[in-house]
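The values are calculated or read from the model by the stated rules, or taken from the named source; none is laboratory data. None of these values were measured; they are calculated from a predicted model. Positions of Cβ are generated from backbone atoms using ideal geometry, with glycine treated the same way; all protein chains shown enter the neighbour counts. Surface accessibility is based on the protein's heavy atoms, side chains included, excluding ligands, DNA and RNA. Shrake-Rupley method; radii C 1.70, N 1.55, O 1.52, S 1.80 Å.
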Amino acid sequence: MSDGDSTEGAAAGEQRRILANTAVMAAGTVVSRFSGFIRSTLLAAALGISLHADIFTVANTVPNMLYILLAGGVFNAVLVPQIVRAMTHDADDGAAYVNRVVTLAACFLGLVTVLLVVAAPLVMQVLVPSYDAPHLAEQRQSAIDFARFCLPQVFFYGMFVLFGQVLNARGRFGPMMWAPIANNLISIAVLVTYLVAFGPASPTEQQAAFSPGQERLLGIGSTVGIAAQLLVLVPYLRGCGVRIRPRFDWRGVGLGHTLRLGLWTVLFVIVNQIAYVVVVRLASGGTAAADDGTGITIYSNVMLVVMVPHSIITVSLATAILPRLSAAAADADLGRLAATLGSTLRTALVVVVPFAALLPSIALPLAQVVWGHGATAAYFYRFESSMVLFGFAVVAFTVHYLVLRGFYALELNRLVFYVQCVIAATNIGLAVLFVSRVDPWDTSPMLVLAYGGAYAVGATLSSVVLVRLLRRGGAPRGAVRRWRGFVLRLLVASVVVFVVGRFLDIVVTDTVVELVGSNPHWTLAAVEVALVGAGAGAMLLAVAGPLRLTEVTSVADTVAGRLRRR
């Protein structure tokens, strides 16, 4: 057997193991996302998608944004490789290292959370300056009140991700993906209570502030949900032998190296969040400027839906491969690193690219299914253009997201920061340019287009740089021709999905109009999504064999295998 054959065989075996771990996480993500859809549906039904909804959306988004800004990059990308190294080389399997990291993180996050709650008015002034207009004084106060209720989530987000990454480093990938279901269930209960107590927002209320009772119910309920998803992880930590005990002896035990790596990741996140602040500021201006403007509620809800393939497949794959990439980098085996990353990227792309091709056919009925209820029943069509554009953006983001796992495994965090500077600058420039040239109605679609353009630049730049680095390190050079063939075959399959999707959409839509008229119930829209999606998916599976897209059949076989076992 040649070296090339043995390398490909080893890569195939590695990919099967990755897919097995991914399936566990993906199952949790599917359930979590489904419950998240219910939450999104209830939120739109209760608050609408205009200024009223944006007030709560911005305030409830701030804690996650600030957590990512302050610590998320370190927790997500830097600590896993360091914990793996501590587990490998320390006599106590990394227990002392984990205790020190958890203690330091809890102290830092606790202090920061208190400061943020005190500074809530300043935080909201930075994010939503459009609310400073005199006629929006009550709306601005509602945003500040919500921020005070929601900002304690910063602590719970941080500790949740840290505990989850400790579990991931010990090979327990499922709990972190399943735990958000607890948050979604609590959010659903809160929103049902809100609808019973206050009812859907009327057209007038969709431009107004909240009452103190509404603020307390939504704000406190949201924070309790994030705390619950953290507490879900505690029994799993104990189950895999992790006993968290406070340790304050932080000096001279390797945390300096972690924090030095984290410096560049923090800078990376700061640049990324600066771009997001600009997006929030521009988006809040859309709904504040006109009753029919689109803003952060539409932007964030569309991202929630369109990111489903990325969340189910790509994030699960990235979580499963990061310890393997780190181990390959530690062994200086760049060939194995390149093979693992390459096969994982192909697996993700055979899902997200056909999904992007299908979106133009299902965006409108899918929007009606998810958001065509209550206060938003007559306005769901506002989501369509943003959803279609986000399909392109998700493809670019997926490539960039997975390529970064290679940089993190190689501890090239400084280089990641430079790439992210280019992405953030592109996103900011395009967002300001596009939004300044359209009416408030098109604010959200233009922000999506800017996001996609920025990550197209980032995906291209990061891929070129990583390939050159791996080649210099001795990785095999024969992969370029194989990738060209893969991309061409995937594009052909995606064109087939697009054509079949459009054909089925036309046929089903015309049939529904003949039967019930031009305003069908959302259940018929659900039937349309199911029929078009199933037909296009079946055609993808049919052409995967002749086109030699083995990644499609691998994903299908993994899902079918787990369903048979269940």
Computed from the beta carbon distance with a Förster radius of 56 Å, FRET efficiency for Trp441 and Ile244 to the nearest 0.05 stands at 0.65
Between Phe503 and Ala189, what length comes free when the chain is fully extended (0.36 nm per residue of separation minus the Cα-Cα distance, one decimal in nm)? 109.0 nm
With label points set 7 Å from each Cα along the Cα-to-Cβ direction at Ala538 and Val495, the distance between them in nm comes to 2.4 nm
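For Glu138 and Val277 in the same chain, what is the full-extension length gain: residue separation times 0.36 nm, less their Cα-Cα distance, in nm?
Details: separation 139, 0.36 × 139 = 50.04 nm, distance 2.22 nm.
47.8 nm is the gain from fully extending Glu138 to Val277.
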Excluding ligands and nucleic acids, what accessible area in Å² is computed for Ser444 using a 1.4 Å probe, to the nearest 10? 0 Å²
Length gained when the stretch Asp92-Asp291 is fully extended (0.36 nm per residue, less Cα-Cα span): 65.6 nm
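When the solvent-accessible surface of protein heavy atoms is calculated with a 1.4 angstrom probe, in what order do Cys150, Cys107, Cys240 fall, highest first? All intermediate terms of the calculation are to be shown ahead of the outcome.
Working: Cys150 0, Cys107 65, Cys240 30 Å².
These residues rank, largest area first, as Cys107, Cys240, Cys150.
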Please work out the FRET efficiency for the pair Ile270 and Leu304, using the Cβ-Cβ distance as r and a Förster radius of 35 Å; give the result to the nearest 0.05. 0.90
What FRET efficiency, computed as 1/(1 + (r/R0)^6) with R0 = 35 Å and r the Cβ-Cβ distance, is obtained for Arg548 and Thr511, rounded to the nearest 0.05? 0.45
Compute the distance in nm between two label points, each set 7 Å from the Cα along the Cα-to-Cβ direction, one at Val126 and one at Ser211. 3.4 nm
Ranked from the most accessible area to the least, with a 1.4 Å probe and all protein chains present, what is the order of Arg468, Arg247, Arg148? Arg468, Arg148, Arg247
Using alpha carbon centroids, what distance separates segment 324-355 and segment 199-214, in Å? 48 Å
